[in-house]
1. Could you count how many residues in region 56-97 are modelled with pLDDT of 95 or more, of a type in the set (A, V, I, L, M, F, W, C) and surrounded by 15 or more Cβ atoms within 10 Å (Cβ to Cβ)?
2. Tell me the helices (runs of 4 or more DSSP H) entirely within region 99-217 that contain at least 3 residues that are among the charged types (D, E, K, R).
3. Out of curiosity, is D186 modelled with pLDDT of 95 or more and not aliphatic (A, V, I, L, M)?
4. Of E52, E39, which residue is surrounded by 15 or more Cβ atoms within 10 Å (Cβ to Cβ), under 21 Å from the mean Cα position of the chain (by Cα) and either modelled with pLDDT under 95 or polar (S, T, N, Q) (or both)?
5. Are there any pairs with C-beta distances below 7 angstrom linking a residue in region 46-66 that is closer than 24 Å to G11 by Cβ and among the acidic types (D, E) to a residue that is in a helix (DSSP H, G or I) and modelled with pLDDT of 95 or more, with the two at least 6 apart or on different chains, and if so which?
Amino acid sequence: MLKAALFDLDGVIFDTETQYSRFWGSQCRHYFPDRPGLEKEIKGQTLVQIYETAFASLKDEQPIITERLNDFEKSMSYDYIPGVRKFIEQLHQKGIRTAIVTSSNVPKMANVYRSHPEIEQLFDAILTAEDFTESKPHPQCYLLGAERLGVKPQECVGFEDSFNGLKAVKSAGMAVVGLATTNPADAIAPLSDLVVSDFQQLQLEDLEQLVHNKFVK
């Protein structure tokens with residue numbers, strides 16, 4: 001039985017991925033002009049992962065980049081993915097609990113709340129980077145989300161757009177819905193139980209059937 005739905009933030013609730021691509025494209029070109037397309041390689045990674053991999057040699061520059069990122073996020077637009085707000089409201093009407101599970105930090109969420117003060121009322125729990133010790137694709141964040149909502153992983157569906165996020169939901173033992181907002185549908189399909197372009201055509205009955213088929217023997 002479906003009891004909870006857990007959502008990543010960027011690329012799932014808000015259409016922000018193209019904006020982040022522009023930011024990281026500018027940083028990659030500045031620091032690594034000899035590595036064109038590096039921003040595509042780091043797409044979907046957390047800030048910690050980006051620093052540990054692509055920017056590991058720039059320890060002294062990382063605080064400067066973080067400050068630039070914080071400033072950039074203050075001016076970003078946070079437009080909803082089509083259909084997501086109505087879909088979340090439908091979940092609540094059916095008594096299905098909801099949570100945001102994001103690698104974004106508290107300062108970033110402050111920007112979100114300024115743009116969308118209603119967001120805190122749409123979700124029963126909001127978990128941010130400060131709540132976790134492990135980054136996606138580790139399942140810790142989704143397992144903690146289920147625990148916070150008082151449900152079992154097999155009673156949950158997780159919505160993600162990135163490869164690491166999809167792996168995290170899958171490893172947590174939840175049903176996985178992939179959003180083809182950041183990566184092509186055929187690329188995320190192997191990590192997803194269901195792939196959608198947005199929430200406009202998604203029906204609650206689809207999720208209930210998905211969870212039933214996946215976990216009820």
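1. So the count comes out to 7.
2. Numbers: elements: 106-115, 119-122, 140-149, 163-171, 185-188, 204-215.
Fully inside region 99-217 and qualifying: 204-215.
3. Numbers: modelled with pLDDT of 95 or more: yes; not aliphatic (A, V, I, L, M): yes.
For D186, the condition - modelled with pLDDT of 95 or more and not aliphatic (A, V, I, L, M) - is met.
4. Details: E52 fails: surrounded by 15 or more Cβ atoms within 10 Å (Cβ to Cβ).
From the options E52, E39, the qualifying one is E39.
5. Matching pairs, first to second residue: none at all.
A quick yes/no check of all residues on (1) in contact with a Phe, Trp or Tyr (Cβ under 7 Å, 6 or more places away or on another chain); (2) in contact (Cβ under 8 Å) with a residue 24 or more places away in the chain; (3) charged (D, E, K, R):
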residue	(1), (2), (3)
L91	no, yes, no
R97	no, yes, yes
I100	yes, yes, no
K108	no, yes, yes
N111	no, yes, no
H116	yes, yes, no
Q121	no, no, no
E134	no, no, yes
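The values are calculated or read from the model by the stated rules, or taken from the named source; none is laboratory data. Computed from a predicted model, the values in this text were never measured in an experiment. Note that we place each Cβ from the backbone using ideal geometry, even for glycine, and neighbour counts take in every protein chain shown.
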